[in-house]
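Structure first, commentary second.
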Amino acid sequence: MKSRASSGGLVYSTESGRMCPDCRQPIAACRCGVTVLPKGDGVLRVSRETKGRGGKAVTVVKGAALDAAGLATLGKQLRTACGSGGTVKDGVIEVQGDHVERVIETLKAQGHTVKRAGG
């Protein structure tokens, strides 16, 4: 039987989100100061999803290797460009509505490498 310490412990909590691998605290309340950046290949993938949203379309941007503040800023810029709401969760930017083309144009204008993912 594996011990809790050898298996790495708690990785995600529905109450507080992602957990720091070193101090075992929520990322927002991390005491050790380690910044966990999502791994990516430098290509932002933009897709449209409807699963789990009652049929409503959402434009999703994945693969941005930015810290939390950078993601929040990029998300704000994309929401403003599209004129709609959205959120940033777990390294993924979600913009309400089907704005794939507009998001791709905005990201390319900012100098990002962008691919359209999905159909």
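Okay, here's what the table says:
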quantity: Complete set of residues in region 98-110 that are of a type outside the set (Val, Ile, Thr) and either farther than 29 Å from ILE27 by Cα or in a helix (DSSP H, G or I) (or both); calculated: ASP98, HIS99, GLU101, ARG102, GLU105, LEU107, LYS108, ALA109
quantity: Search result, residues across region 66-107 that are under 13 Å from SER47 (Cα atoms), of a type outside the set (D, E, K, R) and surrounded by fewer than 14 Cβ atoms within 10 Å (Cβ to Cβ); calculated: none
quantity: Any chance VAL61 is in a strand (DSSP E or B) and in contact with a Leu (Cβ under 9 Å, 6 or more places away or on another chain); calculated: yes
quantity: Long-range neighbours under 8 Å by Cβ, at least six apart or interchain, first residue in a strand (DSSP E or B) within region 68-97, second of a type in the set (Asp, Glu); calculated: GLY86/GLU94; THR87/GLU94; VAL88/GLU94
quantity: Test: residue in region 18-35 that is at pLDDT 75 or above, small (Gly, Ala, Ser) and either assigned to a strand (DSSP E or B) or loosely packed, with under 13 Cβ neighbours inside 10 Å (or both); calculated: no
quantity: Filter result (at negative phi and either loosely packed, with under 14 Cβ neighbours inside 10 Å or modelled with pLDDT under 85 (or both)) within region 39-48; calculated: LYS39, GLY40, ASP41
quantity: Any hit, region 58-75, residues being over 19 Å from GLY111 (Cα atoms), in contact with an Asp or Glu (Cβ under 9 Å, 6 or more places away or on another chain) and either modelled with pLDDT of 90 or more or of a type outside the set (D, E, K, R) (or both); calculated: yes
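The values are calculated or read from the model by the stated rules, or taken from the named source; none is laboratory data. Since this is a predicted model, take the numbers as computed values, not measurements. Heads up, the Cβs are rebuilt from the backbone with ideal geometry, glycines too, and the neighbour counts pull from every protein chain shown.
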